[in-house]
1. I'd like the full set of residues that are over 24 Å from residue B:131 (Cβ atoms) and either surrounded by fewer than 16 Cβ atoms within 10 Å (Cβ to Cβ) or within 13 Å of another protein chain (Cβ to nearest Cβ) (or both), limited to region A:57-76.
2. List every residue pair whose Cβ atoms lie under 9 Å apart, where the two residues are 6 or more positions apart in sequence or sit on different chains, the first residue falls within region A:25-39 and is farther than 18 Å from residue A:282 by Cα, and the second residue, located anywhere, is surrounded by fewer than 11 Cβ atoms within 10 Å (Cβ to Cβ).
3. So residue A:280 fits all but one of (1) within 30 Å of residue A:56 (Cβ to Cβ); (2) crowded, with 21+ Cβ neighbours inside 10 Å; what number is the exception?
4. Checking the condition farther than 16 Å from residue B:331 by Cα and without any contact (Cβ under 8 Å) to a residue 24 or more places away in the chain, which residue from B:59, B:101, B:54, B:50 passes?
5. Given the residues B:166, B:93, B:120, which is the only one that is in contact with a helix residue (DSSP H, G or I) (Cβ under 9 Å, 6 or more places away or on another chain), within 14 Å of chain A (Cβ to nearest Cβ), part of a strand (DSSP E or B) and in contact (Cβ under 8 Å) with a residue 60 or more places away in the chain?
6. Can you pull out the residues in region B:267-283 that are buried (at least 18 other Cβ atoms within 10 Å of the Cβ) and farther than 21 Å from residue A:251 by Cα?
7. Answer with yes or no whether residue B:104 is assigned by TED's automatic domain parsing to the domain that holds residue B:38, in a helix (DSSP H, G or I) and under 30 Å from residue A:263 (Cβ atoms).
């Protein structure tokens, strides 16, 4: 063995030792990930090929659940509703949060109060928020219809019983929560943009509009992407708001995927079919997130 | 100084926390509950089940008991457990509270996982149908007290003729009305369904509905029963199948929903699954003159709308006087539990005269034994229509949750504009498919 080969071997040995040590440190986290993420996903995959009704045993039925998914019009409708809800609420939540964060980024008195105030809806329970909106929009006892009637409008709409308005109200709730969640993230990103960039733009005679689109937005793009991805994931998990406000109605017009999956798996006890529906949702989430990354990368 | 401030802060926190804690401990001292010589104690006079030597001779064991949260921490339940433990010191009872809406799902998972509790609060009927509950006919026969229970209560705990539970409470629906408004409009209390429709129209003004409908299959089943109808077909072998579109059901649902859709004598029910809040809110706020509900709304009205409670009148549900729907709860032994006998013995204690009356008095839970309604506690005139209806109250006969959901969705859609006959025909087809899927 010549000197260079010996040194290469010793280098490789050192590298392996480094790798080994790194993996050893990461092992608890990897184990956690494996036991609580990968094993359940594999188990969901296993269940999707079975008819499983508790307290019975799973019975292998091959691709039957998958065939049923493709013919399940209610599930397809729930996906469509979820996509409409997601695109609308995530877009509005990010745009509005960006505007509010930009305004909050200016120096003014009471800034801290507003920072806390705008974050409040995020730390409030979803059910309570949904109840607040219900008390506003309920057609029998809600504040809005009470006011409209007092103003002389004799037959105000039954908001939550109209497919269009019911979805609009859900989007409003989602947007409200999303704005509140995104503001601190985007604000901290905006605060880290060097002031000198704005000062230089001022010297060049840039307007607020130009500064917003040419400096602020490009600088916080990674955080916008983060907000969009988190928004997509969060929107696909919405259940409580729908449960409290519309129960998925009228005529399934606000039924969202996760509520339908929960209903099939736990209310009707079709655990295997619920597992298949969950897996069917996975590619949509991956595509949604991938698209968000792609759109974001296009501008770079 | 900082240490003192810190100490004072901790002290303050401890005081606040102890003040906030809702100590619903035993109302009697544990010494008072202790039965030291059970073999010579007069259990019957005390309204308690007889001493069971077989249970006293069992090896030491712990019973895991899952009750609805609003039962688990109640003094009457705690005292029943304490006294049971004093009679059977070999049996430890560990009571845990679960939200009512989660308890069935949790039990199903526990049974599926092979680690069930020993006694659970549910309906008995649904759990029996789903294979989650142990049949209890042998223990019921040995006990020999079935005749003391209301028939509707036994039905609630049974499935296809087998008893899977011991009923702990029963309720049914009846008519609530505002006496003052009825007198103002000079109208009589409705006796038939036709009366209800006409009188509700007469009571309806710009600011007030005559009646409040609900979009819920269980509540509407009360009207179907009251007119002698049924939503299931009973076959020769005793099995049942859904009959959601028979002529009588279609007619009743059409007329019921038309009160909201066409007559406008009722508001359109809200979209939520939970429908119980709207009628009492409408009635309590003076926006409706009548509604149909259960005894639980009597105490709610008394607490939240005392001025309405003063003018409250009650009557049997308008119909042909054939009864109404029965609801309530039962205790059952989950499939696979090893302590069936000891659990059944504890159930007897929970439904004993002594503790049933305490639950009625302290918790407003109406008892399942007919004789207990002779007590002064039930002399309230507002409760008389309820007590009269109990004799003919019938359990909701559909146990498949998907079919219940199909029926609920159909009712909702009819309220939202669908034709009753067409929508119920579709529901019947969907129900048949759902049953085929569940059985296949």
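The values are calculated or read from the model by the stated rules, or taken from the named source; none is laboratory data. Only a predicted model underlies this, so the values are computations on that prediction, with no experimental measurement involved. Positions of Cβ are generated from backbone atoms using ideal geometry, with glycine treated the same way; all protein chains shown enter the neighbour counts.
1. A:62, A:63, A:66, A:67, A:70, A:71, A:72, A:73, A:74, A:76, listed by residue number.
2. Sorted first by the residue in region A:25-39, then by its partner, the pairs are A:30/A:23.
3. Result: residue A:280 fails condition (2) only.
4. B:50
5. The match here is B:120.
6. Looking only at region B:267-283, we keep the residues that are buried (at least 18 other Cβ atoms within 10 Å of the Cβ), and these are B:267-272, B:275, B:278-283.
If the condition is that a residue be buried (at least 18 other Cβ atoms within 10 Å of the Cβ) and farther than 21 Å from residue A:251 by Cα, then B:279, B:280, B:281, B:282, B:283 are the ones that fit.
7. Yes; evaluated as a whole, the condition is true for this residue.
Here is a yes/no grid of residues against (1) surrounded by 18 or more Cβ atoms within 10 Å (Cβ to Cβ); (2) part of a helix (DSSP H, G or I):
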{"residue": "A:28", "(1), (2)": "no, yes"}
{"residue": "A:37", "(1), (2)": "no, yes"}
{"residue": "A:45", "(1), (2)": "no, yes"}
{"residue": "A:55", "(1), (2)": "yes, no"}
{"residue": "A:80", "(1), (2)": "no, yes"}
{"residue": "A:93", "(1), (2)": "yes, yes"}
{"residue": "A:102", "(1), (2)": "yes, yes"}
{"residue": "A:109", "(1), (2)": "no, no"}
